[in-house]
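Report on the following structure.
The values are calculated or read from the model by the stated rules, or taken from the named source; none is laboratory data. Bear in mind the structure is a predicted one, so any value in this text is a computation, not a measurement. Methodologically, a virtual Cβ is constructed for each residue, glycine included, from the backbone with ideal geometry; neighbour enumeration extends over all protein chains shown. For the accessible areas, the whole protein counts, side chains as well, though only heavy atoms, and no ligand, DNA or RNA atoms are used. Shrake-Rupley method; radii C 1.70, N 1.55, O 1.52, S 1.80 Å.
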Amino acid sequence: MLGKKPASTRIPFSYQVHSEENGAASRLASQLAEQLDKVPSYRDIVVVCIGTDRSTGDSLGPIIGSSLEKSSLKRLYVYGTLAKPVHAVNLEETIEMIHCYHHRPFIVAIDACLGRVKNVGKINFSEGPVIPGAAMKKKLPHVGEMHVTGIVNVSGMMEYFVLQNTRLYTVMAMADCISQGFILADNKLKVHSGSITKNNVSQTPVHTKGLSKTELAFSLQQSLHKENPPSDES
């Protein structure tokens with residue numbers, strides 16, 4: 001993370017699972033449900049899927065968003081799909097729109113990230129915001145009270161080209177796992193009749209524009225797990 005860590009004895013929540021492990025989606029769903037069920041009934045849970053369909057590695061978020069959009073979600077609202085991606089160009093606009101349309105939104109950000117070779121394919125679900133555009137030296141707002149990131153390829157140098165040459169299979173495997181995790185978690189969450197939403201839509205249209213380089217809004221979250229990755233061994 002960037003900046004100085006505040007003094008605290010509380011250990012932030014963090015969970016990691018590989019997308020191709022047996023039961024990965026169910027295990028992720030249990031963690032999602034446990035954390036999201038703590039969100040008060042008066043807050044809308046909004047899932048913001050960050051990325052662009054113009055880069056294979058950075059398409060993780062929009063693919064997940066499109067998958068979730070097709071599901072009959074009871075508790076979750078989704079922004080960022082292949083048709084209407086949320087990327088560097090419109091990210092701030094989208095966050096402002098979410099706060100306009102939803103009452104005290106609890107945002108869960110989803111994004112692609114880069115990491116070590118041995119960690120490619122792993123999914124991280126952690127407390128705190130995602131940091132979009134870090135590798136592209138972009139100054140974008142940190143997004144979310146919690147975040148889910150998928151390590152799609154190896155970090156180090158020429159990240160833009162690394163993302164462009166990421167295997168679609170890797171991205172789709174993680175997208176399927178994360179999508180199923182959210183769908184299963186949504187089924188476990190209590191439906192709160194008291195939820196106040198200013199506009200009863202699953203996704204408000206967002207303005208999309210820009211070329212692939214300007215759209216890229218992936219995060220480099222590997223520093224969170226590089227040295228002391230959370231253990232998922234049983």
Legend entry - Scope the stretch 65-87; condition without any contact (Cβ under 8 Å) to a residue 40 or more places away in the chain and basic (Lys, Arg); matching residues: Lys70
Inset, instruction - Would you be able to tell me the number of residues in the stretch 53-85 that are open to solvent by less than 70 Å² (accessible area, probe 1.4 Å) and either modelled with pLDDT under 95 or not in a strand (DSSP E or B) (or both)? - result: 20
Inset, instruction - Quickly run through the stretch 86-110 and pick out the residues that are open to solvent by 20 Å² or more (accessible area, probe 1.4 Å) and in a helix (DSSP H, G or I). - result: Glu92, Glu93, Ile95, Glu96, Met97, His99, Cys100, Tyr101
Inset, instruction - For Cys113, indicate whether it is under 25 Å from Thr170 (Cα atoms) and either open to solvent by 40 Å² or more (accessible area, probe 1.4 Å) or at pLDDT 95 or above (or both). - result: no
Legend entry - Top-ranked residue of the stretch 158-178 - restricted to ones that are more than 13 Å from Asp58 (Cβ to Cβ) and in a loop (DSSP other than H, G, I, E, B), ranked as most open to solvent (accessible area, probe 1.4 Å): Arg167
Inset, instruction - Spot the failing condition for Val154; the list is (1) within 17 Å of the chain's Cα centre (by Cα); (2) in contact (Cβ under 8 Å) with a residue 24 or more places away in the chain; (3) open to solvent by 20 Å² or more (accessible area, probe 1.4 Å), and only one is missed. - result: (1)
